């Protein structure tokens, strides 16, 4: 990676797992000030609110939990228990300081996932985006979900179009039920920068 200081541009340019690990190890302690606060990053709250509105309940797995913004949003809505999964140990270390998670574990969701835990809900905010995770990872999440698990996954709208998420969901009709798409803002009214008007698609569905 060429950028010395991690930022959204360098995050969107990531190409490998190693690139991801390096960037977030360097960014973890400053992530919320450098990005979440300065960009008025409201996506985790959007995901949590849709999860609750559509009938989601705990226990919940927060996929790509990062520094724990999604977990805090869920906890503020009275949802628990919540477990955190992320590729980066450094980000999970920051998430642990929020005191809202029950368990933590690292995993690369582009590969088969191993867990003995069982969940009624699986959420993700900000993981399915440029430089990060494509549609094939949905298979790996479905593989650890029991029948009736409720999913609420945000996907950057441009990433959705570029990577063929619609086509992916068309192949999952035998595995998922009641797919709904919710258009959301990723950033709030105080956001600045080139991506301040970026949109997301929050997908909700149940595993059959």
Volume of the Cα convex hull of region 168-208, divided per residue and given in Å³ = 73 Å³
Mean shadow of region 49-115, computed from the convex hull of its alpha carbons, in nm²?
-> 4.4 nm²
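Computed from the coordinates by the stated procedures, all read-outs in this text should not be read as laboratory data. What you see is a predicted model; the values in this text were computed from it and never measured.
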